[in-house]
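Have a look at the structure below, then the notes.
What follows is calculated from the coordinates using simple rules that are stated; it is not laboratory data. Please read all numbers here as calculations on a predicted model, not as lab measurements. Glycine gets a Cβ as well: all are built from the backbone with ideal geometry, and neighbour counts include every protein chain shown.
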């Protein structure tokens, strides 16, 4: 397994190596040593590449991941897995703001807590947070699923479109146009599937509440102006 | 002798003029602000308020039809491995598929390609047709991130991080339900028919320090090949330009308040932002102060209509300009040919700005399949190419008269101003004087 040590190797060499893996190559697993909070680690990965980052990363780790499996054995700075297309990103520690922002697909698992705006503008990504999430999470979420085993901060799901939110703990407050919704069998089934994919054990889907869009702000109505 | 009070004509208020009164009544009747397309309609100091001096005893001209006047420009020379080479310094500004019809985007691509210049995506992602018909395509990176993906990022020729636009600095995109067709909804991951109100801030960065890291990420994803533009609205051009340079931009795109939009509140269009003329010198000053003029290129947009405007923007220090509204007019927007239909919509050719309603008789600002059939993208592309050719010839004509063998050799010294306002904004002398407001004591 190639090991790229960011203490001695420029970031450019790491990303360039990950972008230039030839079809049929045997070296599909990479280890990154000494990330020391570097930004843009393992961004733009496409294809079934495994990357293990041994330490904490800065901004935008695994940005635009498309098919890779990227594990951070530490914590992640802002915008981890932003705009992910497909694949899997696992953060063993905590994640800062904007985790999974605008993600279109794939699975983001955060084993610690996530800060504010987790899943902002999500567009199809699935996010599972083992801990708590901060305020304004899933703001303008368009599609995909956000699963939170802990608590959610203020203004969850503000201006939500069709993203589905599942929270096991408390929600400090709901954002504009976000309401609690009935948990139907298909939601329980989807939730069970996501929990399993995220390696969550001993937690039942029935322990969660579902939140979604009231769809009152979809078309502008002057009578709803106070909601903004 | 009896005294008759002489007739005095009714006097209307300058403050409460007919348009203002009508707007008050409209607001009272509907309870909603006016939404429209295009840029500001108010009169602001503009390039019309500047003149070129031409040649004289101390400045000799170039022969109009014999001596070369170069028009080429290279954008993205600072960091990008593959800078953009344009034959002419007039590019097509960002306009979305969604706001514009497919044939309109195709026409823009065809016209730009035939002219050796670039076109730009908008708040809706890149279509295959647009990529196919545009030899040089700039891909916008917007707060909404609609349609954003690494494949399109890599097949673009340049990336434009949009912070703001001149029509609405501080506002996000807007596309109302009438134009959210199946295809547009699918590209933007939105339910069909909803009113799309894009975010005005990027979801994963705020401020210049974050922007620097965001640009690093985009460069890493695209292996440092693509020039990265940063587009700002005309708000604080000195600082915005300086901060964009500090964040690592290859190109700064600066859009004044005459720049158009597909849709936003009229109050926003008319009351927020600075005129294009007022934006250029502070931006150039910022580049010069940083030693980056001509190293980070400056593209100016907002109300560019003719080769004279191009020449004036370049003389003030821009490297290139971008056109949006003028390009739409060239392909057929607001054409008097459709006057009867404009009348039915309660407007007239030249004033039609309800682009958000998707009923454009010219088939440009619509997603209606029947209306868009009216626009022949090949013929419209040819009209745009003709127009770009005329603009270029006009700019060359002026440059040669000023003795310049490249449009970039035009300089502020070639200009004078007709008004005090224009003199102050452009920092060129009031005609017949050697003074402009702010230069020396009154």
Notebook entry, point to check: Extension gain residue B:238-residue B:431, at 0.36 nm per residue separation less the Cα-Cα distance, in nm?
Noted result: 66.9 nm
Check: How far is the Cα center of region B:69-116 from the Cα center of region B:221-244, in Å?
Finding: 17 Å
Checklist line | Of all DSSP beta bridges in the protein assembly as shown, antiparallel share, percent nearest 5 | finding: 20 percent
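222 nm [θ] for chain B, helices only, -39500 (n - 2.57) per DSSP H run of 4+, per residue, to 500? Please list the in-between numbers first.
Working: 15 runs with 150 residues, N = 442.
Mean residue ellipticity, 222 nm, calculated: -10000 deg cm²/dmol.
What ranking, highest mean first, results for peptides B:103-113, B:69-79 when packing means the other Cβ atoms within 10 Å averaged over each residue? It would help to have the intermediate numbers written out before the result.
Details: B:103-113: 26.1, B:69-79: 19.1.
The most tightly packed comes first, giving B:103-113, B:69-79.
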Check: Hey, how many Å between the Cα centroid of region A:96-140 and the Cα centroid of region B:286-308?
Finding: 39 Å
Checklist line | DSSP beta bridges in chain A [antiparallel fraction, %, rounded to 5] | finding: 15 percent
Notebook entry, point to check: Could you list log10 I(q)/I(0) for region A:81-138 at q = 0.13, 0.16 Å⁻¹, which the Debye formula gives when each Cα is one point scatterer?
Noted result: -0.23, -0.35
Margin query: Need one number: nm distance between label points at residue A:23 and residue B:4, each 7 Å from Cα along Cα→Cβ, rounded to one decimal.
Written below: 9.7 nm
Notebook entry, point to check: Using r as the Cβ-Cβ distance of residue B:32 and residue B:87, and R0 as 41 Å, what FRET efficiency do you calculate, to the nearest 0.05?
Noted result: 0.35
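What average count of beta carbons from other chains do you get within 10 Å of the Cβ of residues in A:62-69? Numbers along the way, then the final one.
Numbers: counts 0, 7, 11, 1, 3, 0, 0, 0.
Mean inter-chain Cβ contacts per residue within 10 Å come to 3.
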Margin query: Using C-alpha positions alone, give me the convex hull volume of region A:124-228 per residue in cubic angstrom.
Written below: 88 Å³
Notebook entry, point to check: Using alpha carbons only, what's the Rg to Rh ratio of the protein assembly as shown with Rh from Kirkwood?
Noted result: 1.02
Item checked: Order of B:204, B:335 - criterion: other Cβ atoms within 10 Å of each residue's Cβ, fewest first -> B:335, B:204
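If we count other beta carbons within 10 Å of each Cβ, what is the order of B:66, B:294, fewest first? Intermediate results must be reported in sequence, preceding the final value.
Working: B:66 7, B:294 12.
By the 10 Å Cβ count, ascending, the order reads B:66, B:294.
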Notebook entry, point to check: Per 5 Å bin from zero, what fraction in whole % of the C-alpha pairs of region B:259-410 is there, up to the bin with the longest pair?
Noted result: 2, 9, 15, 16, 16, 14, 12, 8, 5, 2, 0, 0
Next item on the list: Evaluate peptide B:219-228: per residue, the Cβ atoms of other protein chains within 10 Å of its Cβ; return the mean as an integer.
Entry: 4
Checklist line | residue B:379 paired with residue B:24, simple spin-label distance in nm, labels 7 Å along Cα-to-beta-carbon | finding: 4.7 nm
Next item on the list: In nm, give the distance between the simple-model label positions of residue B:306 and residue B:246, each being 7 Å from the Cα along the Cα-to-Cβ direction.
Entry: 4.0 nm
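Taking beta carbons within 10 Å but only from partner chains, what does the mean come to for residues B:140-151?
Working: counts 0, 0, 0, 3, 5, 9, 4, 2, 7, 6, 11, 4.
Average per residue, whole number: 4.
Would you mind getting me the FRET efficiency between residue B:65 and residue B:114? Use the beta-carbon distance for r and R0 = 30 Å, nearest 0.05. Let's see the in-between values first.
Numbers: r = 23 Å, r/R0 = 0.75.
In this case the efficiency is close to 0.85.
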Margin query: Largest first, please: the extent of the C-alpha atoms of chain A along each principal axis, to the nearest Å.
Written below: 58, 39, 29
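Relative contact order of region B:37-426: what whole-number percent is it, with Cα pairs under 8 angstrom and at least 6 residues apart? It would help to have the intermediate numbers written out before the result.
Working: 927 pairs, mean separation 102.3, N = 390.
Once normalised by length, the contact order is 26 percent.
At a 10 angstrom cut-off on C-beta neighbours, averaged per residue, how do the peptides B:41-49, B:226-234 rank from highest to lowest? Kindly include the intermediate steps, with their values, before the conclusion.
Details: B:41-49: 17.4, B:226-234: 27.6.
Top of the packing list down: B:226-234, B:41-49.
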Margin query: Taking every DSSP beta bridge with both residues inside chain B, roughly what % is antiparallel (nearest 5)?
Written below: 25 percent
Margin query: Please report the projected area of chain B's Cα convex hull averaged over all directions, in nm².
Written below: 27.9 nm²
Item checked: Mean ellipticity per residue at 222 nm, deg cm²/dmol - from DSSP H runs of n ≥ 4 across chain A, formula -39500 (n - 2.57) -> -3000 deg cm²/dmol
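Quick one: order A:86, B:2 by neighbouring beta-carbon count within 10 Å, fewest to most. Don't jump to the answer; show the numbers that get you there.
Details: A:86 17, B:2 3.
Final ranking by Cβ density, sparse to dense: B:2, A:86.
Tell me, what is the FRET efficiency for residue A:33 and residue A:196 to the nearest 0.05, using R0 = 35 angstrom and their Cβ-Cβ distance as r? Could the numbers behind the result be given before it?
On the way: r = 31 Å, r/R0 = 0.89.
The computed FRET efficiency comes out at 0.65.
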Next item on the list: Tell me the Kirkwood hydrodynamic radius of region B:351-419 in angstroms, computed as one over the mean inverse distance between distinct C-alpha pairs.
Entry: 15.4 Å
